[in-house]
């Protein structure tokens, strides 16, 4: 759907893929842990604390991905200039707005 | 750590446990989907879109849990009154603050 | 528009009105300070830092108001019970959702 | 404190200064309106609704400022390259993180 030039040209653009995957696996584990808490009817406040912690972890992942994207794809597009740069800047701006409002 | 009276007394306090578990399983699936996108080095903006969607889904789960907690545990504690009520109100207030800031 | 029973019955429901007004005046001052920064074309990052600080200050005001509301209006409505209690619980739940998503 | 090269070099970097000032004046007016509501002890839920609306308005201002900053200062720094570019990218990344968490 979206432009795929960036990740194609910059294979390995994610600065620390293993670290990112580790954080995402931990987040997946948090999702499973919260399911168990619901199944066991744990105290709602304790479940909510875990949901807030998981949300914060997701925010950090998003900020890390955004950094990588800016440092690679946006920088490269700006170097090329023209429509490509404008398009990338609009795209990252929309992504930041979605993130802030999520 | 937290008070556990509420869920013990009100077994089944979660108004729609199956629905909640279904939403949490979907969120777990989103976490796995995002890992695959990272492994396949999908376009960062597309990954970010999925992270924002997952964050919104988590927010909805949190708001649903909070509603259940207020309608059951807080209402019951207020009916009892005294320290129990004050404690529950302080506790839910702290949970809301964590949620707003996560 | 909304139910006005609560503030009518519980005149002085805001636990520390002077403190709240002081915080709101400080927020108004932040809004004026940011206008001056824009007029003087200060560095955008410095303006953004002030906008983030002002947003955090507003969040704290909202959480304080919510606490007061829960401790007074919601508690009183729950004591009365019935439709009034249900209505207040639904109302506060909607307010929390708006706050979390703002 | 911060680098001031950008606004010095790009006087008029704010794409629509008058529009931005108008929005900030409206936000200042919201801050005053909320003070009046507190003074008149309006219903807390109605005050909270105004605080949420004001927070959303501030978010929009922040996203607009960020766009301008990216389209001007960051683009220019990237064109120059080197330390200046790295510094600007780090700086905007920190600003986005503050915004997301505020």
Taking a point 7 Å out from Cα toward Cβ as the label site, list the nm distances between residue D:50 and the same residue in every other copy, smallest first. 2.3, 4.1, 4.4
Between helix A:82-101 and chain A: long-axis angle, C-alpha atoms, 0 to 90°, nearest 10: 20
In degrees from 0 to 90, rounded to the nearest 10, what is the angle of the helix D:17-39 Cα long axis to the longest principal axis of chain D? 30
From the label point of residue D:19, set 7 Å along Cα to the beta carbon, how far off in nm is each other copy's matching point, shortest first? 3.8, 4.1, 4.1
At q = 0.12, 0.14, 0.23 Å⁻¹, what log₁₀ I(q)/I(0) does chain C have when each alpha carbon counts as one equal point scatterer in the Debye sum? -0.54, -0.67, -1.20
Once you have the Kirkwood Rh of the protein assembly as shown from its Cα pairs, apply Stokes-Einstein at 20 °C and 1.002 mPa s and quote D in µm²/s. 93
Could you please rank D:87, D:37, placing first whichever residue has the fewest other Cβ atoms within 10 Å of its Cβ? D:87, D:37
Distances in nm, one decimal, shortest first, from residue B:94 to the same residue in every other copy, taking the label point 7 angstrom along Cα→Cβ. 3.1, 3.2, 4.3
In chain C, what residue has the beta-carbon at the shortest distance from the axis of the rotation relating C to B, and what is that distance in angstrom, rounded to the whole number? C:78, 2
Spin-label pair residue A:32/residue C:32, simplified geometry with 7 Å Cα→Cβ offset, distance in nm: 5.7
Give the angle, between 0 and 90 degrees and rounded to the nearest 10, that separates the Cα long axis of helix C:44-69 from the longest principal axis of the Cα atoms of chain C. 10
When a/c reaches 1.5 or more, the comparison of a/b and b/c decides; with that in mind, is region B:22-71 rounded, prolate or oblate per its Cα gyration tensor? prolate
Cα-Cα separations in region D:45-102 greater than 12 Å, expressed as whole percent: 71
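Bear in mind these aren't lab numbers, they're just calculated from the coordinates by the rules spelled out. Here the structure is a predicted model, which means the values were calculated and not measured. Neighbour counts run over all protein chains shown; Cβ positions are idealised from the backbone, glycine included.
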